Amino acid sequence: MNNCLHCSSSFKVKPGTYGKFCSLSCTNIFGGLIRKQKSIKKYNLNPKLCKQCNCIIPYDKKKTNKFCNSSCAGTYNNSKKDWTIIKTGPTPKPKVLKLRRKIRTNTIPNADGPHTLIYLCTCKFTGKQWYSPTVKTIHPLTIPTKKLYSYQCRFTFGIKSYPEWFSYASDLINEYGWYSASNRGNNLSGCSRDHLYSVSDGYKNNIDSKIISHPANCEIIPHRKNQNKHKTSSITLDELTDRIKKFNQQYMETPIGVAPI
């Protein structure tokens with residue numbers, strides 16, 4: 001009893017055969033596999049390459065495929081088309097180069113290779129210029145100073161101490177209440193105190209924080225309106241000065257919780 005080289009099944013050797021295969025079918029299949037292996041080895045010595053990316057096209061697809069995939073086929077064929085004649089289909093958009101603010105030049109003689117891209121930034125508050133790998137509008141040394149200024153410009157007085165000045169706010173507070181965050185009461189449509197002359201403009205123009213935190217610079221408005229206002233000022237510095245004079249004439253004293261100006 002012999003074992004078939006193809007299917008490994010046991011069979012009785014017939015007279016006049018080599019005794020390697022159990023049937024003619026196994027003989028033909030095994031012979032075809034051997035011939036295919038030889039053809040693959042020969043193909044790999046000089047394979048067919050993709051016209052676009054020069055990748056090797058698999059042996060099984062060498063007769064039908066000229067490209068390794070549909071993406072390469074589309075890229076290659078589109079590059080060969082004359083788009084001025086074609087009336088249908090999309091027209092390729094011209095590539096627009098992005099403008100860079102500043103590219104650092106290499107000062108080392110005979111130095112090749114990629115250079116690091118950096119930007120020339122200007123601080124919108126101090127005007128100081130510096131280089132940074134990303135675009136920035138505030139100098140890193142200015143950020144702690146601005147935070148301290150914002151803290152000093154906060155309102156520290158209570159509006160109940162000046163009921164005549166804030167008399168208009170009673171109806172707003174009764175209707176909307178005071179603003180509170182979602183984790184502290186969840187009254188997002190409530191009222192909050194707004195700086196008429198903004199803290200941002202005060203810092204930019206070097207205005208004393210005592211002026212920015214003065215009750216005359218305070219207005220009670222719905223918090224959503226306060227958010228939409230963002231960093232813009234509702235009044236000018238001259239108008240704020242007039243409001244402070246009227247406030248002091250009305251109360252003839254230093255506001256409670258506010259340092260004298």
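Relative contact order, whole percent, for the range 153-251 stands at 29, derived from Cα pairs under 8 Å and 6 or more residues apart. Computed 3J(HN,Hα) for the range 55-68, one whole-Hz value per residue from the Karplus formula 6.51 cos²θ - 1.76 cosθ + 1.60 where θ = phi - 60°, is 7, 6, 7, x, 4, 5, 10, 5, 7, 9, 9, 9, 10, 7, glycine and proline marked x. Rg and Dmax over the alpha-carbon atoms of the range 16-64 stand at 16.1, 55 Å.
In the structure displayed, which of 146/210; 210/246; 136/204; 124/246 lie more than 25 Å apart, Cα to Cα? In this structure, 124/246 lie more than 25 Å apart at Cα. Distance from the alpha carbon centroid of the range 161-191 to that of the range 4-78 works out to 82 angstrom.
Across the range 153-251 the C-alpha pair distances fall into 10 Å bins from zero in the proportions 15, 45, 33, 7, 0 percent. The phi torsions of the range 34-49, fed into the Karplus equation with coefficients 6.51, -1.76 and 1.60 and a -60° offset, translate into couplings of 5, 5, 5, 4, 5, 5, 5, 4, 5, 5, 5, 6, 9, x, 7, 10 Hz, rounded to whole numbers, with Gly and Pro shown as x. Sorting the segments 236-247, 186-197 by their residues' average number of neighbouring beta-carbon atoms within 10 angstrom, most packed first, yields 186-197, 236-247.
Phi angles of the range 157-164 translate, via the Karplus equation with coefficients 6.51, -1.76, 1.60 and θ = phi - 60°, into HN-Hα couplings of 9, x, 6, 5, 6, 9, x, 5 Hz per residue; Gly and Pro are given as x. Around the Cα centre of the range 153-251, unit charges on the Cβ atoms of Lys, Arg, Asp and Glu (plus for the first two, minus for the last two) sum to a dipole of about 320 debye.
What aspartates and glutamates does residue 48 reach when the alpha-carbon gap must be under 17 Å and sequence neighbours fewer than 8 apart in one chain are set aside? Within the straight-line cut-off, residue 48 pairs with 60. Comparing 73, 162, 233 along the charge dipole axis of the chain, the residue lying farthest to the positive side is 73, per the Cβ-charge model.
For the listed residue pairs 41/66; 12/36; 62/93, the alpha carbons are over 25 angstrom apart in 12/36; 62/93. For the chain, the spread of Cα coordinates along the three principal axes comes to 130, 56, 47 Å, biggest extent given first. Entry note, the chain: relative contact order of 10 percent, from Cα contacts under 8 Å with a spacing of 6+ residues.
Summarising the amide proton neighbourhood of residue 119: residues at separation of 5 or more, or on other chains, whose placed amide H is nearer than 5 Å comprise 132, 134.
Each value in this text was obtained by applying a stated rule to the coordinates, not by laboratory testing. This is a predicted model, so every value here is computed, not measured. All Cβ positions, even for glycine, are placed from backbone atoms using ideal geometry, and neighbour counts span all protein chains on display.
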